[in-house]
Structure formats: C-alpha cells, structure tokens
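> The structure is given below, and queries will be raised subsequently.
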Amino acid sequence: MTTARPALNPDNAASPAHAAHTGWAVGLSLFAGVIMIITGVFGAMEGVVALARNEIFVATPRYLFAFDLTTWGWIQVILGVIVLAAGVGVLTGQLWGRLVGITIAVLSILANFAFIPYYPVWSLLIIALNVFVIWALCVYNRDTAASL
C-alpha cells in the first residue's frame with residue numbers, strides 16, 4: 001500500500017495555515033527587532049547618564065554609602081550597543097541577530113521569574129511575551145517572509 005503525497009503547489013504559494021503561522025512569526029520577529037532597538041538605545045543612554053553622573057549616594061539609618069558608576073555605565077553602554085545591533089540584525093534577517101535576541105529573551109525570562117513574588121502579573125506577562133518572541137525568532141524564515 002502506498003500513501004499518496006500531497007501535490008506540490010506549482011506557484012509555491014503557502015497553504016492558508018502555513019501563511020498564518022508564518023505571519024505570526026514574521027510579526028513577532030519584527031516586534032522583537034524593534035523592541036531590541038529601542039531597548040538598546042535606552043540602555044546605552046542609561047550608561048551615558050551613569051558615566052556623566054559618576055557617583056550616587058545612598059543614605060541608610062546609620063551610614064552613608066557612595067557608589068562609583070563608571071564601570072556600570074560602560075557595561076550599560078556596551079550592552080545597549082550589542083542589543084541595538086542585534087535588533088537591526090533581527091530586522092534584516094541575520095542569524096546572529098536572532099541568536100542574540102533569543103539569548104536576551106531567555107535572560108529576561110530568568111530575571112522576571114525571580115521577580116514573580118514582587119510583581120506577579122507583570123512578570124508573568126513579560127515571561128509569556130518572551131516565550132512568544134523566542135518562538136518567533138526560532139521559526140522565522142527570511143525567504144518565506146519575503147513571499148508574504
């Protein structure tokens with residue numbers, strides 16, 4: 001007994017279910033790329049502000065602490081530029097951009113998991129959004145997206 005294979009569509013049009021699946025992946029991938037660009041810009045700006053305002057003071061009941069922000073400022077600037085570049089990479093369909101985006105989403109999931117006791121609704125919302133972003137970045141196919 002042989003099984004019949006579905007006929008190939010001669011004009012390479014995707015099935016409606018596949019088009020919907022690809023549409024979600026493309027939309028969430030574009031969303032992830034734009035959010036990464038915005039996050040990168042804000043992170044770099046936060047780093048520049050930390051470099052410009054080099055010290056902060058924290059008053060506790062018995063002590064006054066001074067913290068130097070130079071190292072933290074440079075870390076923020078570098079991470080902001082990496083996230084910004086990865087967001088551009090996601091928007092242009094680069095594999096490395098998607099890999100960095102997935103890594104950042106996983107780290108965000110872990111960080112928000114730790115904050116569930118403090119901000120449960122917000123943390124669970126961000127975790128769910130990151131799961132969708134990871135899915136979209138994993139299934140995104142630049143060639144298929146161009147045909148939509």
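The values are calculated or read from the model by the stated rules, or taken from the named source; none is laboratory data. These numbers come from a predicted model, not from an experiment. Quick reminder, even Gly has a Cβ in these numbers, built from the backbone with ideal geometry, and neighbours come from all protein chains shown.
> Listed residues Val83, Val77, Val133, Val90; which is at pLDDT below 85 and surrounded by 13 or more Cβ atoms within 10 Å (Cβ to Cβ)?
Val133
> Looking at Ala145, Ala59, which is the one that is modelled with pLDDT under 80, aliphatic (A, V, I, L, M) and closer than 24 Å to Trp24 by Cα?
Ala145
> Still on this structure, please answer the following. Would you please list the contacts, defined by Cβ atoms under 7 Å and residues six or more apart or on different chains, that run from a residue in region 114-143 that is free of Cβ contacts under 8 Å to residues at least 24 places away in the same chain to a residue that is assigned to a helix (DSSP H, G or I) and hydroxyl-bearing (Ser, Thr, Tyr)?
Sorted first by the residue in region 114-143, then by its partner, the pairs are Phe115/Ser123; Ile116/Ser123; Ile126/Ser108.
> On to the next question. Being among the aromatic types (Phe, Trp, Tyr) and over 15 Å from Ile134 (Cβ atoms) is the filter here; which residues of region 80-119 pass it?
Of everything in region 80-119, those that are among the aromatic types (Phe, Trp, Tyr) and over 15 Å from Ile134 (Cβ atoms) turn out to be Trp96, Phe115, Tyr118, Tyr119.
> Moving on. Does region 117-125 contain any residue that is at pLDDT below 90, part of a helix (DSSP H, G or I), under 11 Å from the mean Cα position of the chain (by Cα) and surrounded by fewer than 18 Cβ atoms within 10 Å (Cβ to Cβ)?
Taking every residue of region 117-125 in turn, none turns out to be at pLDDT below 90, part of a helix (DSSP H, G or I), under 11 Å from the mean Cα position of the chain (by Cα) and surrounded by fewer than 18 Cβ atoms within 10 Å (Cβ to Cβ).
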